[in-house]
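Colleague: Provided herewith is a single structure, encoded as structure tokens, for subsequent inquiry.
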Amino acid sequence: MTTTDIVTVGNRPRLESRPLRKILARPEIGALVAALAVMLFFSVYTSNFMTLSGAGVWLESASTFGIMAVAVALLMIGGEFDLSAGVMTGFTALIVGVLTSHYGLNIWVAVLVSLVAALAVGALNGFLVMRTGLPSFIVTLGTFFVLAGIDLAVTKLITGQVAIQGMTNVPFYDSVQPLFGSSIQIGGGTFYVSVLWWFLATILATWVLLRTRAGNWIFAVGGQLNSSRQVGVPVLKTKVGLFMTTAGAAWLVGMISLFRTSTVQANTGVGQEFIYIICAVVGGCLLTGGFGSAIGAALGALIYGMVFQGITFAQWDTNWLRTFLGAMLLLAVFLNHFVRTRAGGAR
Amino acid sequence: MVNVDSGLLLDARGLQKSFAGVRALRDVSLEVRPGEVHCVLGQNGAGKSTLIKTLAGVHRPDAGEIVWLGERVEIADPQAAIELGIATMYQELDVVDGLTVAENIFLGHELATGGFTRRSEAAKQTRALMERLGHASISPHAEVGSLSAANKQIVSMARALSHDIRLVIMDEPSAVLDSEEVKNLFGVVRELTSEGIAVVYITHRLEEIRQIGDRITVIKDGRTMASGVALADAPTSELIKLMTGREVASVFPPPVPVPADGEPVLEVEGLSLHGVFSDVSFRVRAGEIVGLAGLVGSGRSEILETVYGARKASSGTVSVSGKRLPRGSVTAAVRAGVGLSPEERKSQGLVLSESIFVNVTLSSMARFARGGWLNERGERAAAREQIEALDLRPSDPDRPASTLSGGNQQKILLARWLVHGAGVLLLDEPTRGVDVGARAEIYALIRRLAAAGNAIVIVSSEIEEVLGLADVVLVVSDGRILATLPAHDIDEHGVLELVMKGTAA
């Protein structure tokens, strides 16, 4: 996993002994180059992109996607998808909103209940996938729609509206808010605490991937499931844990969006699950599992945040954002494929 | 070490196991002594793999008992087997390509303190294991995906040794190795047994059993035919008889002389594929069988695939009946009457879920189509004709290809090209996965096809097969043709000698 080791393998010394090639084969290298290019472009093209106030805006934008992209990257390295991840951010926020504003539950308790609910759905996703052997794409597509329906129907049923507002009136709101929604001013720029969460999540995920037993297991179950099982890797635990991690990250993002704006829409998060996957893939994750990086996914999210806000800074038509994202995804996949086949030698 | 009266390390008795009503093990017993190499011999489908997986904790037996060091044990999962001291090296290499050598070796039992994996300690122990296995050149930090099949197997073996084990089960370990690597493997096996570790060695190569085995257990149709026979007392013919239940005399049919002045049907001139093989030339006349003999990785299969147009040659020409084929076009090759029966029959040659007749007529669809509709009756009739001619069983053209044995699946591929009217047949490993008994039938069939005027090229990793079947043998090594000889002028030893010399040069 280190890039400095000169590997001496009898059969392929030519490929492995070149440090440059090893660096190029790192999953996050493409995303790093792209992030620098995007940053440079908007810095030159617009006047306030590369200021503290500008950075505050695009970092905030990247942070929530970054937290999710990192979790989704772990899941993808482990060989699974979670399409319910987007809607889960709305689901968790709505739970807190409904429980506090309509049932008067203590807000701290509501936040915890929401976390437990998220982990339960994550565990359910994991068990359904592992017990039935169905692809996670299908299983989580199911939970995605179930949750999306619940979000809308239950919110409408209880509140009569499709959004929950006025969270600031809930007792003790101010005691929770700093944890998820606070910000500080640095030289005219507003920096939200979510950026800190994003960095923490990336560091934690990278440490887990590269320095812990669980990290080995994640690569193993995503790479060769049967082999992993045969050598005694706790496959079920690893996969269910990954789905629960993704759900937990969705809870964190749900809380961040709830406490930053003090409102939540019933359709929050719908459609965002693909952006997480795009960030992870741009960051070097393979759709087939067994390969990828948390730092890469974080960089993927950074690119997303920069482009999203950069287009606004440049005063372009923001409707083009998705076209740009799609093109970038294709480019990233082509690049990764090219590097992988080159680094792996002819098959 | 072994505090048991019987002196047995493992004593498995009366094992039974069924899958969805199919009985894989009916009554299998296996006794292993400490420090011995115990070979398990059996045809495909005899139950060898099920036996191994039962001992490795992947399957649980329906009946029977396993006694380990004098105590009856239940092996509930792979972890339990490892804790007892039983490690298994599976035929399909069970390593994770994306992880490093050290990570693979300690996968599932990582060295860790407080959540941190101890990477330098793992690397150190890996280095020690590699030294013990005589492969100090494999770095603990190398990504396993970049290793050769042989080195992956070493990693798999090192993983077995990273546990405190007393028994290693090796499932056809030589299948992916060339002869030099097999020698190395045997060295490792001897090393293990000298330390008192027992090895259960599964193979279908009789000559390997002779070289490495102490005792042998023969399995047939899920039953033990001979248990723990000392190899010194077991003549090869006896073993084959036990394995197949019949006497195998000469399995190769007598060659039919080819007229020396016959026109060549297939002409290959200076064919090269960049980085794989170069300057390959040969001619095949009608009625002639040409065999390519060489080791795994010598470029044999790639040569066939390039002649067929599945790979685009970087230079050289392929001509059929005097007409040059365009490079890299399967369509043109098929139209000119060239048919390929690929090595990976199931994944490259057959549509397994489809019926026999669909598979047989697959390359001749145009002939059975009328105005965009397929004439299924015609297809079935053509298939039935071939089923009869090739003695394909079962004879029902509507049976799905997946339900057939390896030998009969091979016949489907032959039938396909016969229906198509191919005059040049390229057969890559025509008897892989085919039972010893059914092989003779395939051999006879190939000979008959040649006698009927087809030009045939066969590739096989079993040199004996090439020598027994072909009229002319091309010895291939490292992507070059070392020699072109009449088959009766060379024996297996001679081929190997050529290959060794050629590789050294």
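Colleague: Label point 7 Å out from A:Ile150 along Cα-to-Cβ: which residues of the range A:88-114 have amide N under 13 Å?
Modeller: A:88-96, A:114
Colleague: Still on this structure, please answer the following. Report the chymotrypsin sites (Phe, Trp or Tyr not before Pro) located in the range A:168-209 that are in a DSSP loop and have at most 14 other Cβ atoms inside 10 Å of their Cβ, or state none. Can you show the working numbers first?
Modeller: Details: sites: A:Phe172, A:Tyr173, A:Phe180, A:Phe191, A:Tyr192, A:Trp197, A:Trp198, A:Phe199, A:Trp207; in loops: A:Phe172.
The qualifying sites are A:Phe172.
Colleague: Can you give the average number of partner chain beta-carbon atoms within 10 Å of each beta-carbon in peptide A:205-215, as a whole number?
Modeller: Values: counts 0, 0, 2, 1, 0, 2, 6, 6, 10, 4, 4.
Other-chain Cβ atoms within 10 Å of each residue's Cβ, averaged: 3.
Colleague: In square angstrom, rounded to the nearest 10, how much accessible surface does B:Asp398 have for a 1.4 Å probe?
Modeller: So the heavy atoms of B:Asp398 present about 70 Å² to solvent.
Colleague: Continuing with the same structure: B:Ser179 to B:Leu352: extension gain in nm, 0.36 nm per residue of separation minus the Cα-Cα distance? Each step should come with its number before you reach the end.
Modeller: Working: separation 173, 0.36 × 173 = 62.28 nm, distance 3.33 nm.
Between B:Ser179 and B:Leu352, full extension yields an extra 59.0 nm.
Colleague: Just to confirm, what accessible area per residue do you get for the protein assembly as shown at 1.4 Å probe, in whole Å²? Mind showing how you got there, number by number?
Modeller: Working: 36690 Å² over 852 residues.
Heavy-atom SASA per residue in the protein assembly as shown reads 43 Å².
Colleague: Need one word for the range A:196-347: rounded, prolate or oblate. Basis is the Cα gyration tensor (sqrt eigenvalues a ≥ b ≥ c); a/c below 1.5 gives rounded, then a/b vs b/c decides.
Modeller: Since a/c reaches 1.5 but b/c is at least a/b, the shape of the range A:196-347 is classed as oblate.
Colleague: Give, in nm to one decimal, the length gained when the segment between B:Lys501 and B:Glu191 is fully stretched (0.36 nm per residue of separation minus the Cα-Cα distance). Display every interim value, and only then the final one.
Modeller: Details: separation 310, 0.36 × 310 = 111.60 nm, distance 2.86 nm.
Length gained between B:Lys501 and B:Glu191: 108.7 nm.
Colleague: Can you sort B:His420, B:His135, B:His274 by 1.4 Å-probe accessible area, starting with the largest? Present the calculation step by step, with values, prior to reporting the outcome.
Modeller: Values: B:His420 50, B:His135 25, B:His274 165 Å².
Ranked from most to least accessible, the order is B:His274, B:His420, B:His135.
Colleague: How big is D, in µm² s⁻¹, for the range B:10-244 by Stokes-Einstein at 4 °C and 1.567 mPa s if Rh is the Kirkwood radius over C-alpha pairs?
Modeller: Numbers: Rh = 18.3 Å.
Diffusion coefficient, whole number: 71 µm²/s.
Colleague: In nm, to one decimal, how far is the modelled label at A:Thr318 from the one at B:Thr331, with both set 7 Å along Cα→Cβ?
Modeller: Simple spin-label model gives 5.0 nm for this pair.
Colleague: In nm, to one decimal, how far is the modelled label at A:Leu179 from the one at B:Glu131, with both set 7 Å along Cα→Cβ?
Modeller: Simple spin-label model gives 5.3 nm for this pair.
Colleague: Helix B:376-390 against the longest principal axis of chain B: what's the angle in degrees, Cα atoms only, rounded to the nearest 10?
Modeller: Roughly 70 degrees, rounded to the nearest 10.
Colleague: Moving on to the next point. Please list 3J(HN,Hα) in residue order for the range B:173-186, calculated via the Karplus relation 6.51 cos²θ - 1.76 cosθ + 1.60 where θ = phi - 60°; whole Hz, with x for glycine and proline.
Modeller: Result, rounded to whole Hz: x, 7, 4, 9, 10, 8, 5, 5, 5, 5, 4, 4, 4, 5.
Colleague: Return the carbon/sulfur percentage of the accessible area of the protein assembly as shown, one whole number, probe 1.4 Å, all protein chains in place.
Modeller: Working: 20970 of 36690 Å².
Carbon and sulfur atoms account for 57 percent of the accessible area of the protein assembly as shown.
Colleague: Given the rule -39500 (n - 2.57) for each run of at least 4 DSSP H residues, summed and divided by the residues of chain B, what is its mean residue ellipticity at 222 nm, to the nearest 500 deg cm²/dmol? Display every interim value, and only then the final one.
Modeller: On the way: 17 runs with 171 residues, N = 505.
Roughly -10000 deg cm²/dmol at 222 nm, from the helical runs in chain B.
Colleague: Further, regarding this structure: List the trypsin sites (Lys or Arg not before Pro) in the range B:412-498 that DSSP assigns to loop (not H, G, I, E or B) and whose Cβ has at most 16 other Cβ atoms within 10 Å. Which are they? Please report the intermediate quantities before stating the final value.
Modeller: Values: sites: B:Arg416, B:Arg432, B:Arg439, B:Arg447, B:Arg448, B:Arg480; in loops: B:Arg432.
Those that pass, being in a loop and sparsely packed, are B:Arg432.
Colleague: Can I ask one more? Which angle from 0 to 90°, rounded to the nearest 10, does the C-alpha axis of helix A:235-261 make with the longest principal axis of chain A?
Modeller: That helix lies at roughly 50 degrees to the long axis.
Colleague: Give me a single rounded figure for B:137-148: the average over its residues of other chain Cβ atoms within 10 Å of their Cβ. Don't skip to the answer; put the middle values down first.
Modeller: On the way: counts 5, 4, 6, 2, 8, 7, 8, 2, 7, 10, 5, 4.
Going residue by residue through B:137-148 and averaging, the value is 6.
Colleague: Put B:Ser353, B:Ser329, B:Ser49 in order of accessible area, largest first, 1.4 Å probe: what do you get?
Modeller: Values: B:Ser353 100, B:Ser329 35, B:Ser49 55 Å².
These residues rank, largest area first, as B:Ser353, B:Ser49, B:Ser329.
Colleague: Would you mind checking the tilt of helix B:406-420 against the longest principal axis of the Cα atoms of chain B, expressed as 0 to 90 degrees and rounded to 10?
Modeller: Compared with the principal axis, the helix lies near 20 degrees.
Colleague: Now, a different point. Interface A/B, total buried accessible area with a 1.4 Å probe, nearest 100 Å²? The partial results should precede the final answer.
Modeller: Details: alone 16690 and 22670 Å², together 36690 Å².
Heavy-atom accessible area buried at this interface is about 2700 Å².
Colleague: While we're here: Per-residue ellipticity at 222 nm for chain A, helices alone: DSSP H runs ≥ 4 residues times -39500 (n - 2.57), over residue total, nearest 500 deg cm²/dmol? Please report the intermediate quantities before stating the final value.
Modeller: Details: 15 runs with 245 residues, N = 347.
It comes out at -23500 deg cm²/dmol, rounded to the nearest 500.
Colleague: Determine the relative contact order of chain B: mean sequence separation of Cα pairs under 8 Å and six or more apart, normalised by residue count, in whole percent. Display every interim value, and only then the final one.
Modeller: On the way: 997 pairs, mean separation 72.2, N = 505.
This gives 14 percent for chain B.
Colleague: At A:Ala327 and B:Ala366, where each label point lies 7 Å from the Cα along Cα→Cβ, what is the point-to-point distance in nanometres?
Modeller: 4.3
Colleague: Check each residue of the range A:218-264 and keep those whose accessible area, probe 1.4 Å, is at least 50 Å² smaller with all protein chains in place than in the chain alone; give them in order of residue number.
Modeller: Hits at the 50 Å² cut-off: A:Gln224, A:Gln230, A:Val231.
Colleague: P(r) for the protein assembly as shown: what percent of alpha-carbon pairs falls in each 10 Å bin, starting at zero?
Modeller: Values per bin, smallest distances first: 2, 11, 17, 19, 19, 15, 10, 5, 2, 0, 0.
Colleague: Using a cut-off of 14 Å between alpha-carbon atoms, which aspartates and glutamates can reach B:Lys220, once sequence neighbours fewer than 8 places away in the same chain are excluded?
Modeller: The reachable aspartates and glutamates, counting only those whose Cα sits under 14 Å from B:Lys220, are B:Asp27, B:Glu238, B:Asp435.
Colleague: Order the following by accessible area, largest value first: A:Phe41, A:Phe219. Probe radius 1.4 Å; ligands, DNA and RNA are ignored. If you can, show how the numbers build up before the last one.
Modeller: On the way: A:Phe41 95, A:Phe219 10 Å².
Per-residue accessible area, sorted high to low, gives A:Phe41, A:Phe219.
Colleague: Show me the GluC sites (Glu not before Pro) within the range B:416-466 that DSSP assigns to loop and that have at most 16 other Cβ atoms within 10 Å of their Cβ. Write down the numbers at each step before the final one.
Modeller: Values: sites: B:Glu441, B:Glu462, B:Glu464, B:Glu465; in loops: B:Glu462.
When the GluC sites (Glu not before Pro) of the range B:416-466 are filtered for loop state and at most 16 Cβ neighbours within 10 Å, B:Glu462 remain.
Colleague: Residues of B:68-81, mean number of Cβ from any other protein chain within 10 Å of their own Cβ, rounded to a whole number?
Modeller: Details: counts 0, 0, 0, 0, 0, 0, 0, 0, 0, 3, 5, 4, 1, 2.
Taking all residues of B:68-81 together, the mean is 1.
The values are calculated or read from the model by the stated rules, or taken from the named source; none is laboratory data. Note that the structure is a prediction, hence the values are computed from the model and not measured. Positions of Cβ are backbone-derived with ideal geometry, glycine not excepted, and every protein chain shown enters the neighbour counts. Just so you know, the surface numbers come from the protein's heavy atoms only, side chains and all, with ligands and any DNA or RNA stripped out. Shrake-Rupley method; radii C 1.70, N 1.55, O 1.52, S 1.80 Å.
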